[in-house]
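One structure below.
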Amino acid sequence: MSFKKKFFTAVGIFFLCLPLFGCGSRQPIQQTGFYFDTVISVTLYDPSKTEELNHCFALAQQYEQYFSAKKPDSDVSKINRAAGSPVRVQKETRELIEKGLFYSRLSAGTFDITVGKLTALWDFHAESPKLPDDAAIADAVAAIDYSNVVVDGNEVTLTQPDAALDLGGIAKGYIADKMKEYLLSQGITKGLINLGGNVLAIGEKEDGSAYTIGIQKPFDETGDPAAVVSVRDRSVVTSGVYERYFEQDGVRYHHILDVSDGYPCENDLLSVTIICKNSVDGDALSTSCFALGVEKGMELIETLDDTEAVFITSDQKLHTSSGIGTDIPLKTLS
């Protein structure tokens, strides 16, 4: 998939949000950057808060240095190279790994943070992505097992030397939550954080109304939404087959992988959107529920408090959890 496509997907939802701030006495300020292979944006109402806006991007840079498996000196890279020995990590890395293990257990391994050896084979960011070798995929799948991750204080051990961590499925959500936590500590109670489609609304709009966030229509090149949801102080996170993919021999291969066989999930889904309080939870759940499919994914959502979901299937139909339309207003646009 080309960078142009990635940029369009990541930013398209945010441009939907920005005009919906509403008119107020203060013009919003916005900053954009590129971290974790995606475009991120933060928008605040108060034009005097440039220092706080800059600090959000300092946080993004700091956490990328902790969490990225592509950074040779990151905590994750050190764990992956340790050949089964314990590695002392930053407190935030330990928190993120523990959150990843929680969702690995909750999804019965459908979401698994030890997928790093497999995701490294599927290089969707390459100039010309290609299908990995079958034997290499099978070898990578054999190393996936979250029970091989041991956390003892701030020491993390990956007891299977052939395995590798990949926290990309939850890192953006965690970083968004940390940005929000920081902004609230500075007395900033309104704004939008968008980390590559992970949209986190801080409070409500300046006029007291809800934010309106678009759920992108899969494969629509205009970026038009399939629907919009109205939220206050909530996270809206989408995982979809249109985000990163390539085609080979007439077959489309997307980035959401089935850890049971190592190939992209095939379950009639195009996207899953999670609406909940914290972005890290939405991040993990959007991937987990996509891999689980509509029926099992919806069953999981209905067991969770204050969590709603919108599934879009290959026929472009929307399937919504019980709180959509009541707790979370939704307007279908297509």
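The values are calculated or read from the model by the stated rules, or taken from the named source; none is laboratory data. Keep in mind it's a predicted model, so treat the numbers as computed, not measured. Here the Cβ is made from the backbone with ideal geometry for all residues, glycine too, and neighbour counts use every protein chain on show. Surface accessibility is based on the protein's heavy atoms, side chains included, excluding ligands, DNA and RNA. Shrake-Rupley method; radii C 1.70, N 1.55, O 1.52, S 1.80 Å.
What do you get for GluC sites (Glu not before Pro) in segment 191-257 restricted to DSSP loop and a cutoff of at most 13 other Cβ within 10 Å of the site's Cβ?
Numbers: sites: Glu204, Glu206, Glu221, Glu243, Glu247; in loops: Glu204, Glu206, Glu221, Glu243.
In loop regions of segment 191-257 (DSSP not H, G, I, E or B), the sparsely surrounded GluC sites (Glu not before Pro) are Glu221.
Keeping every protein chain present and rolling a 1.4 Å probe, give me the accessible area per residue for segment 150-301 in Å². Intermediate results must be reported in sequence, preceding the final value.
Working: 5130 Å² over 152 residues.
About 34 Å² of surface per residue is accessible.
Remind me, relative contact order of the chain in percent, using alpha carbon pairs under 8 angstrom and six or more residues apart? List each step's numbers first, then the result.
Details: 685 pairs, mean separation 58.9, N = 334.
In percent, rounded to a whole number, it is 18.
What do you reckon, how do Asp166, Asp73 stack up by accessible area (1.4 Å probe), largest on top?
Details: Asp166 45, Asp73 115 Å².
Result of the area sort, largest leading: Asp73, Asp166.
Work out the length of the dipole vector of segment 176-255 about its Cα centre, built from +1 on the beta-carbon of each Lys and Arg and -1 on the beta-carbon of each Asp and Glu, and round it to the nearest 20 debye. Numbers along the way, then the final one.
Details: 9 positive and 12 negative charges, 54 e Å.
It comes to approximately 260 debye.
For a protection proxy built on the mean count of beta-carbon atoms within 10 angstrom, sort 171-181, 134-144, 98-108 highest first, please.
Details: 171-181: 24.5, 134-144: 16.0, 98-108: 18.4.
Peptide ranking by packing, descending: 171-181, 98-108, 134-144.
Please report, as a whole percent, how much of the solvent-accessible surface of segment 224-295 comes from carbon and sulfur atoms (probe radius 1.4 Å).
Whole-percent figure for carbon plus sulfur exposure: 39.
Given the -39500 (n - 2.57) contribution per DSSP H run of 4+ residues, what per-residue ellipticity at 222 nm results for the chain, rounded to the nearest 500 deg cm²/dmol? Don't skip to the answer; put the middle values down first.
Values: 8 runs with 110 residues, N = 334.
Helices in the chain give a 222 nm mean residue ellipticity of -10500 deg cm²/dmol.
Under 11 Å from the Cβ of Gln62, count the other residues' Cβ atoms, weight Lys and Arg +1, Asp and Glu -1, and hand me the total.
Working: positive: Lys178; negative: Glu64, Glu92.
Net of charged neighbours comes to -1.
Between segment 55-89 and segment 216-265, what's the alpha-carbon centroid distance in Å?
Spelled out, the Cα-based centre of one part sits 26 Å from the other.
Contour minus end-to-end for Gln90 and Glu204, with contour as 0.36 nm per residue of separation and end-to-end as the Cα-Cα distance? Show your work: numbers first, answer last.
Details: separation 114, 0.36 × 114 = 41.04 nm, distance 3.27 nm.
Contour length minus the Cα-Cα distance gives 37.8 nm.
List the relative contact order of segment 149-219 as a percent without decimals, with contacts defined as Cα pairs under 8 Å and 6+ residues apart. It would help to have the intermediate numbers written out before the result.
Details: 51 pairs, mean separation 12.6, N = 71.
Once divided by the residue count of segment 149-219, the mean separation gives 18 percent.
What is the percent carbon and sulfur in the accessible area of segment 110-192, measuring with a 1.4 Å probe over the protein chains and ignoring ligands?
On the way: 1620 of 3480 Å².
Ligands and nucleic acids excluded, carbon and sulfur reach 46 percent.
Based solely on C-alpha atoms, express the radius of gyration and the Dmax of segment 192-334 in angstrom.
14.8, 52
Pick from Lys117, Lys71, Lys190 the residue whose mean-square fluctuation is largest in a GNM of the chain, springs joining Cα atoms under 10 Å.
Lys71
So for segment 94-165, averaging the separation of alpha carbon pairs under 8 Å that are six or more residues apart and normalising by length, what relative contact order in percent results?
Result for segment 94-165 is 36 percent.
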